[in-house]
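Engineer: Before we start, here is the structure in question, set down as structure tokens.
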Protein chains: 2
Amino acid sequence: MSTHRLDSIVWRDLSPLMNPSSVAVVGASQRADALPNREPRGNRVIRNLRNFGYPGRIVAINPKYTEVMDCPCYPDIGTIPDPVDCVVLAVPNRHVPDLLESAAAAGTRAAVVFSAGFAEIGAEGKARQARLEALSRERGFLICGPNCYGVLNVFGKAPLFASAIPAGFLAGPVALVSQSGGLSTTIANALMLNRHVGLSYIVSCGNQSGATFEEYFNYLVEDENTRVIAAFVEGFKQPEKLLAVARKAADRNKPLIILKGGRSDVSKRAAATHSGSLAGAAEVFDAAFRQGGIVAVRSLNELIDAASVFSCDSFMKHYNGGRRIGVLSGSGGECTLVSDAAANAGLEVPELTETTKTQLQESVADFGNMNNPLDGTGAMYDDEKIFPRLLQALVDDTNIDVVTINLEANDPRPKELKSGNRFSVAIETAAASSKKPIACFSSIVGGPVDPEILLPLRKAGVPLMEGAECATATIRNLAEYYEFQTNRQASTEKHNAAPAPHAKLPSGILPAQAAFRLFEEFGIPAVPTVLAHNADEAAASAERMAFPVALKIESAEITHKSDVGGVALKLANPSEVRAAYDKILTEVGRRAPAAKIEGVIVQRMASEGIEMILGIKRDSLFGLVVLCGFGGILVELLKDVAVGIPPLSPTRARDMLARLRGFPLLAGVRGRPPADVDALCNAIVGVSRLAVSLGDQLLGVDINPLIVLPKGQGVVAVDALVELQ
Amino acid sequence: MSTHRLDSIVWRDLSPLMNPSSVAVVGASQRADALPNREPRGNRVIRNLRNFGYPGRIVAINPKYTEVMDCPCYPDIGTIPDPVDCVVLAVPNRHVPDLLESAAAAGTRAAVVFSAGFAEIGAEGKARQARLEALSRERGFLICGPNCYGVLNVFGKAPLFASAIPAGFLAGPVALVSQSGGLSTTIANALMLNRHVGLSYIVSCGNQSGATFEEYFNYLVEDENTRVIAAFVEGFKQPEKLLAVARKAADRNKPLIILKGGRSDVSKRAAATHSGSLAGAAEVFDAAFRQGGIVAVRSLNELIDAASVFSCDSFMKHYNGGRRIGVLSGSGGECTLVSDAAANAGLEVPELTETTKTQLQESVADFGNMNNPLDGTGAMYDDEKIFPRLLQALVDDTNIDVVTINLEANDPRPKELKSGNRFSVAIETAAASSKKPIACFSSIVGGPVDPEILLPLRKAGVPLMEGAECATATIRNLAEYYEFQTNRQASTEKHNAAPAPHAKLPSGILPAQAAFRLFEEFGIPAVPTVLAHNADEAAASAERMAFPVALKIESAEITHKSDVGGVALKLANPSEVRAAYDKILTEVGRRAPAAKIEGVIVQRMASEGIEMILGIKRDSLFGLVVLCGFGGILVELLKDVAVGIPPLSPTRARDMLARLRGFPLLAGVRGRPPADVDALCNAIVGVSRLAVSLGDQLLGVDINPLIVLPKGQGVVAVDALVELQ
């Protein structure tokens, strides 16, 4: 896969699939006696279309009938008088490829395929899916699935959907795309019933054989009914397009929220089984999401709460980007727990201003501590005037960016024993005049959410979340999204033109001097390095570059030079160099007699600094990615490595470094001077440009160590492995 | 606080408070016209007692009446004809101390105090609470609260409880103790209604002025109706008793599950405000919980799921201690997510045995991949015979310890669209004959849990959890508890007798030689160290102990010796020693002219090894605790320090080390030999014995570095600071 160029992407138009004006259903029958669970899926689709008020034409395909469920029925797709936009296949998998090919031949441009038994089940299924992929690739035929529930277009009233759709479906601004059919309805129901959040689309995309996550995202970014896109993803098929669509979403301020499954080895196995997806390396996805401003959530509940808050207009309108929350609770215990959760999530719970404290002392007589979290105590339950005053105090406090209220809207107790109902009206009143965002959260996650609390609050622009952990993580996610957007807009950083493709280099491992020359082309400094062919040449080179020097055996067949006695360090004068040269050749000759020796390289010893590693690896999905980390135990023990996806700017490079656990080392600890972080960032940018320029011919780069010298003195590559194909 | 001796603890009998045979209620009145919310708390208590069928005597105290709610009413506590066991105070805080003193004088032995306004609100409240604490301490008077909801004894039908109790209260084996009143009912309702878990007690203990968490735990460990204790704790008042009661709970196999709030700085402030608790250092609590086999949970939902599973008898009976889960789901997406969650939680999701795969292929025709997680796919919904076969396959598979089923029991859709109802009967059938534990979990947390699924499953010994994250964390918690119990029972480790109290040492900082002598008393080796008073003495000492040596200035007033030029290392011969001696004295004389100099110590340079730190600190709650970690960036950057609470055995010491992120370093990385872990464990035990022996006179110990030499060569303390009071 070539390193992607964001600007050159051409997107297909998904309208025939996402908003078809006519539909043919294959797999409906006149059998009407079945139980709801046993109803043929084709019939269920027709029923869904009818119940949803689909305004387009519906035809059925079945050679046994001329009419099914009051729709005209034709023997095959080719005999439909006027070709339809989209065909829905509710048939066994073995019939699918032929049917799709005949649909394409008949002028139909899209299909939804429910059946499983494709790439997820081994060789036979893979071959079956390959025919679908060819149709998509070669003829531009759009396919949702296979192995999916299909597409539910809410505003277009077009549910090409395999699952029964309950009455009271809630239309709204959130588009949901889920690789899993089962989770698509589970998430949708939770959004509608537990959060009163409406949907614009549900797409269960299954194996993505003919339309990918990236394409759905692109369509939904352009869809005027959609303001927030939420997705459950196991694997991406066109990762090279992901950052492009993320950028487009960011341009239009449409948050793209993704729960990415398949982080662990076992779950990658599960994902491969389930949808034939390659899950990719978790840390590469994390980097891609961060670079694209994608809101990365870690659980279904975090996905739901993020979709709920990001789609809540007046909340979002009033949000200023800050991380300082004010908390009002009637439970001191919850004050403690939410403080712990806020600290974990990276939010602040600041003290109240003195003004607030004074005002509170006047307005709420005989009240205890004026802290944040603000504990209303039993007093709040006994005197109904207290709660609105405490709430208003938080709304007015200038130390606070977001007001959160601990409200048990999901308390399973009878209404008259529940506090939530008593306080929600006061919250609605406060929200009506508040210029600050207000959200509610319950202590425990679970139990029925009382619609009498939920609906009016949502209408008042107050989203409800469940659990302090999810609530604080969601506000943190919001703050990160806001910061991403702000930095993007504020960025004056000139994007350098993409480097020109590099001339073809010979395959295999580059010799040290050639590797260092390549680095220099991209502005990555290396220690002076000269190849010597005998001891005298080595001594002369050493004198020219100044002592002390190191000698290292040069052979494409030896990667671990010190293991074969091929390295000598800190040589202080010509005679030490000569002796070392001879000793190296003897040792290597003895320990690696078969290796072809090019000579011995002479390198000036680098000054003292911080040893880092910097390199390029090929990710199975994202192609070439840049890695940077500290040498030694931090990388060995903690896998403390930052990942960036080219192209990388200096700002992005700095952001990568800042996420390393060892980052404080660069600022200078234990009496060491601060390191030259600017030069390190430039080296990261250089490596990123090298990756873009070499593209497909590059297999990997490993600079180890890259010495980061004290501030102002730069960085210097000491040893490097460049592998070309 | 003295270092605790577990065996000498005397527990008070809490029966008058927890199971009173007669109760007096102060704060009830004849006003019967109030709304339920405005009902005087005293009346609510009487109503609760009546509704719950309290079999004991109830009297009211109110000078205005002779009868309240059909109870005899007396003007004050002293005039009750027969003293009652317990008095319930539903009165403003200012009346509380006098009333309690008169109750004690009248022969009453216990009280429940609801009102707030004590230690949590500053000086006046602290003074008020001090009178309660004195009553408890000096007269053994038992007090639940203040600032609480009181005690609800379910089997004794004695709800001395401030909050309204809904009908349908579920009796069962879980005792709940919560510092927060609000959370006590929230947790209890979630347990009863969302998990169908019954309760034996609810204790909302508030400020613990006259009965502590430790005392409640002790009572409940002895209570025959209680099999599991779940607690929400902000702070402990008698931490020195916590490990004793934990041991007692472990002896009786009654799991003690604790959610400890107040881990972050803000939440500690919140906890102090709310209940006047000192929250203590999170890492010390973590250590104490681990040593005590206390199940430490991190959220309310994890508390609920732990209480649910640990109290589910047949599940627990069949559990073998393993961490290998089998997962059955109808959603491939959930298969991926639960695999991620399992990896995070530290559970295994092993492959199925070949036997299982073969049997499945025979019994489930045309079925896809036989993996774990086992994805039932749409087939499981279309053919009802498939689900039971898949389930039985997991039950029979010898690679699996716990069978988990992804079941949407909290799906908010109408029953006929819900899959949960269709599969729960099959699960009940399988559970009836299974010798392996079976649990269910939903994908999303939240929404009403369908009682028609929940109740029969619970009856069949199948607990329900919500969310893959909580479910996997709960099984991990279970595995850790099981491992703790198994190791405890299997441990043949001889507990050495506690060391005798040490003779009084002079206060201040111990000189190096004295510190090392003290270490040697406890078996902690130190490098040979001699104090010299002139250059000749130094040179002679160095020759006796063998070169190379180090010189270090000796002065109680200089803690950072190298900062004042007070250290010289790697001295190879007598003349170097003499020169270094003179140079040190000159430098120190110049840079620290006021410091009183004892001389210069001569130390043999330690051999190369791994530099660690080992020490003792004083925790505000647990007293002296032992700390151990790696020197250098791991401790500076990552705070990678293990904590142990004395007394520590070698096994416990090794468990501490195994939790360090740097632990693999001890096994030898990057070509280094493995380190002498046994000797390091012995040094930790020695430091623990030193802490116990010196007790109150010790302020702190800091051995830095302790060099851990290669296996078989021991450890050696090189520098140490011992501070005595």
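Engineer: How much accessible surface does A:E240 have with a 1.4 Å probe, in Å² rounded to 10?
Structural biologist: For A:E240, solvent-accessible area is about 50 Å².
Engineer: Once label points are set 7 Å from the Cα along Cα→Cβ at both A:A595 and A:D563, what is their separation, rounded to one decimal in nm?
Structural biologist: 1.0
Engineer: A:I9 label points, 7 Å along Cα→Cβ, one per copy: pairwise distances from this copy to the rest in nm, shortest first?
Structural biologist: A:I9 label point versus its equivalents elsewhere: 6.1 nm.
Engineer: Which value, in debye to the nearest 20, describes the size of the charge dipole of the protein assembly as shown about its Cα centre when Lys and Arg Cβ atoms bear +1, Asp and Glu Cβ atoms bear -1, and nothing else is charged?
Structural biologist: In total the dipole reaches around 340 debye.
Engineer: Let me ask another. Straight distance only, please: which aspartates and glutamates reach the Cα of B:K435 with their own Cα at less than 18 Å, same-chain residues fewer than 8 apart left out?
Structural biologist: B:D313, B:D396, B:D397, B:D401
Engineer: Going by alpha carbons, how many degrees (0 to 90, nearest 10) lie between the helix axis of B:574-591 and the longest principal axis of chain B?
Structural biologist: Roughly 60 degrees between the two axes.
Engineer: Hey, could you grab the Kirkwood Rh for region B:70-150? Inverse mean 1/r over distinct alpha carbon pairs, Å, one decimal.
Structural biologist: Radius from the Kirkwood sum: 12.8 Å.
Engineer: Need one number: nm distance between label points at B:A498 and A:K583, each 7 Å from Cα along Cα→Cβ, rounded to one decimal.
Structural biologist: Each label point is offset 7 Å from its Cα along the Cβ direction, giving 6.0 nm.
Engineer: At q = 0.04 Å⁻¹, what is the log10 ratio I(q)/I(0) for chain A, with the Debye formula run over Cα points and no solvent?
Structural biologist: Cα-only, vacuum Debye calculation for chain A: -0.22.
Engineer: Can you tell me the orientation of helix A:468-490 relative to chain A, as the angle in degrees between its alpha-carbon axis and the longest Cα principal axis, to the nearest 10?
Structural biologist: That works out to roughly 60 degrees.
Engineer: What accessible area per residue, rounded to a whole number of Å², is obtained for chain B using a probe radius of 1.4 Å?
Structural biologist: 38
Engineer: Follow-up. I need the phi-derived Karplus couplings for region B:170-183: 6.51 cos²θ - 1.76 cosθ + 1.60, θ = phi - 60°, integer Hz, Gly and Pro marked x.
Structural biologist: 9, 7, x, x, 9, 9, 10, 10, 9, 5, 8, x, x, 5
Engineer: A further question on this structure: Treat every Asp and Glu Cβ in region B:76-235 as -1 and every Lys and Arg Cβ as +1, leave all other atoms uncharged, and give the resulting dipole magnitude about the Cα centre to the nearest 20 debye.
Structural biologist: 300
Engineer: Can you list the lysines whose alpha carbon sits under 18 Å from that of B:K596, skipping same-chain ones fewer than 8 residues off?
Structural biologist: B:K552, B:K561, B:K583
Engineer: Using only protein heavy atoms and a 1.4 angstrom probe, determine the accessible area buried between B and A, summed over both sides, in Å² to the nearest 100.
Structural biologist: 6400
Engineer: Reachable lysines from A:K504, Cα under 23 Å, same-chain residues fewer than 8 places away excluded?
Structural biologist: A:K617
Engineer: For chain B, what proportion of DSSP beta bridges, expressed in % and rounded to the nearest 5, is antiparallel?
Structural biologist: Roughly 50 percent of the beta bridges in chain B run antiparallel, per DSSP.
Engineer: Run through the other copies and list how far each one's label point is from that of A:A134, in nm with one decimal, shortest first; the point sits 7 Å from Cα along Cα-Cβ.
Structural biologist: 9.4
Engineer: May I ask for log10 I(q)/I(0) of region B:4-132 at q = 0.17, 0.18, 0.21 Å⁻¹, from a Debye sum over the Cα atoms as equal point scatterers with solvent left out?
Structural biologist: These q points yield log10 I(q)/I(0) values of -0.92, -1.01, -1.25.
Engineer: Once both axes come from the Cα atoms, what is the angle between helix A:123-139 and the longest principal axis of chain A, in degrees from 0 to 90, rounded to 10?
Structural biologist: 90
Engineer: Could you give the length gained by full extension between A:A572 and A:K317, i.e. 0.36 nm per residue of separation minus their alpha carbon distance, to one decimal place?
Structural biologist: 85.1 nm
Engineer: Using θ = phi - 60° and the Karplus form 6.51 cos²θ - 1.76 cosθ + 1.60, what ³J(HN,Hα) does each residue of region B:327-343 get, whole Hz, x for Gly and Pro?
Structural biologist: So the Karplus estimates, Gly and Pro as x, are 10, 10, 9, x, 10, x, x, 5, 4, 5, 5, 5, 5, 4, 5, 5, 4 Hz.
Engineer: On to the next question. Accessible area of the protein assembly as shown with a 1.4 Å probe: how many percent of it is carbon plus sulfur?
Structural biologist: 51
Engineer: List the distances, in nm and shortest first, from the label point of B:E483 to the matching label points in every other copy, placing each point 7 Å from Cα along the Cα-to-Cβ direction.
Structural biologist: Output for B:E483: 3.4 nm, nearest copy listed first.
Engineer: Ranked from the most accessible area to the least, with a 1.4 Å probe and all protein chains present, what is the order of B:R57, A:R591?
Structural biologist: Order by accessible area, largest first: A:R591, B:R57.
Engineer: Next question, about the same structure. Which value in nm describes the separation of the simple spin-label points at A:S607 and A:R137, placed 7 Å from the Cα toward the beta carbon?
Structural biologist: The two pseudo-label positions are separated by 5.4 nm.
Engineer: At a probe radius of 1.4 Å, what is the per-residue accessible area of B:K126, in Å² to the nearest 10?
Structural biologist: The accessible area comes out at roughly 110 Å².
Engineer: Rounded to a whole number of µm²/s, how large is the Stokes-Einstein D of the protein assembly as shown at 37 °C and 0.692 mPa s, given Rh as the Kirkwood radius over C-alpha pairs?
Structural biologist: 92
Engineer: Using a 1.4 Å probe on the heavy atoms of the protein chains only, list every residue of region B:180-209 that has 20 Å² or more less accessible area in the complete assembly than in its chain alone.
Structural biologist: The answer is B:L183, B:T186, B:N189, B:L193, B:N194 - residues whose exposure falls by at least 20 Å² when every protein chain is included.
Engineer: Please arrange B:R31, A:R128 by accessible surface area, largest first, computed with a 1.4 Å probe and ligands excluded.
Structural biologist: Sorted descending by solvent-accessible area, the residues read B:R31, A:R128.
Engineer: Between their Cα atoms, which of B:K317/B:K459; A:K260/A:K418; A:K385/B:K237; B:K157/B:K241 are more than 25 Å away from each other?
Structural biologist: The answer is A:K260/A:K418; A:K385/B:K237; B:K157/B:K241.
Engineer: Show that you can apply the helix-only estimate: for the protein assembly as shown, add -39,500 (n - 2.57) for every DSSP H stretch of four or more residues, divide by all residues, and state [θ] at 222 nm to the nearest 500.
Structural biologist: -11500 deg cm²/dmol, from helical runs alone.
Engineer: For B:V715, what accessible surface area do you get with a 1.4 Å probe? Give it in Å², rounded to 10.
Structural biologist: Its heavy atoms expose roughly 10 Å² to the probe.
The values are calculated or read from the model by the stated rules, or taken from the named source; none is laboratory data. Bear in mind that the values here come from a model prediction, so they are computed numbers and not experimental data. Note that we place each Cβ from the backbone using ideal geometry, even for glycine, and neighbour counts take in every protein chain shown. Only protein heavy atoms, including side chains, enter the accessible area calculation; ligands, DNA and RNA are left aside. Shrake-Rupley method; radii C 1.70, N 1.55, O 1.52, S 1.80 Å.
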